[in-house]
Structure formats: structure tokens, C-alpha cells
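First up is the structure itself, then whatever we jot down about it.
Just so it is clear, none of the values below were taken in a lab; they were calculated from the coordinates. From a predicted model like this one, the values you see are computed outputs, not experimental measurements. Counting neighbours? That spans all protein chains shown, and the Cβs are built from the backbone with ideal geometry, glycine included.
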Amino acid sequence: MRLGGRWRRLFAGILDLVIISLISTPFSYRTISTVTGSEGFVAITPRAETLLVAVIGFLYYWLLTAFWNGQTLGKRLFHLRVVDLGGRRADVGQAAIRELVRWVMYITCCLGWIDLAFILFQSRKQAVHDIAARTLVIDA
């Protein structure tokens with residue numbers, strides 16, 4: 001197994017975020033509204049719409065990773081794939097753990113950056129969510 005490159009993994013992730021944004025836009029067009037207060041503009045984010053966008057993102061990553069040969073659309077375009085440590089397709093549970101850990105780290109202040117930094121310094125190029133789920137990202 002040849003590990004997927006860090007740059008390709010980054011660009012695949014950016015493409016996936018763009019795709020999620022396009023999918024979730026109809027549900028989030030009112031997510032941020034502004035009101036004028038005595039100290040200027042204040043942004044308010046309704047929680048129901050924000051939660052819906054988070055669910056869409058979670059389902060996108062989880063379902064595609066679990067049922068589409070370990071690939072999201074971004075990973076497929078950049079020839080990457082998520083597998084278990086033995087090189088077999090990641091199962092549904094591993095894909096769910098991988099995404100749960102990722103989402104918890106991203107919504108927790110600054111831990112998303114730590115999750116990504118692990119890819120730079122870890123010998124198997126694993127982020128924290130990969131370590132938790134016992135997965136690798138390899139060349140497809």
C-alpha cells in the first residue's frame with residue numbers, strides 16, 4: 001500500500017468542502033443574519049439550520065467513505081481511498097468513528113487544526129480521526 005500524498009489529501013478535502021457547501025446552500029441560505037445593535041453589527045446563527053448543514057456534511061463523508069469504495073468525490077478525483085490498517089475497505093463502523101471524531105474535533109476550539117497537523121508529523125500520515133478509526137488514506 002502506498003500512502004496518499006499530503007497535498008492531494010488537502011486538495012481533495014477542499015473539493016469535498018466545496019461540494020458540501022453546494023449541497024447545503026438551499027438549507028442554509030438564512031443561516032447567518034445580521035442585526036444592528038448599539039455597538040455595530042452582530043451576527044446571529046440559528047442553530048437548527050447550522051445543525052442541518054452539519055448533518056449533511058457528516059452524512060456525505062460517512063456514507064461515501066463507507067459505501068463508495070472508501071472515497072468521497074474529492075478523494076476519487078485525487079485518486080485517494082480510505083482503508084483499514086490491513087488495506088481492506090473501511091467498514092461502516094470505522095467510517096462512522098472516523099467522521100464522529102473529526103466533527104467533534106472541528107467543533108471544539110482549535111482541535112481541528114491539531115487533527116490536521118497529525119498528518120504532517122505522523123509516519124503513516126494519519127490524522128487523529130484516522131488513528132481513532134484505525135484507518136489509512138492510500139493511493140487508489
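For the reader, a short list of remarks on this structure follows.
- Exposure proxy for Arg88, Arg8: other Cβ atoms within 10 Å of each Cβ, ordered fewest to most, give Arg88, Arg8.
- Relative to one another, the C-alpha centroids of segment 111-140 and segment 52-72 are positioned 17 Å apart.
- Convex hull projection area averaged over all views, segment 72-140, Cα basis, nm²: 4.6
- Cβ-placed point charges (K, R +1; D, E -1), dipole of the chain about Cα centre in debye, nearest 20: 560
- Equivalent ellipsoid, the chain (semi-axes from 5 times Cα gyration tensor eigenvalues, Å): 31, 16, 13
- Between 0 and 90 degrees, the angle of helix 111-121 with respect to the longest Cα principal axis of the chain falls at about 30 degrees.
- Sorted by Cβ density within 10 Å, fewest first, the residues Leu63, Leu136: Leu63, Leu136
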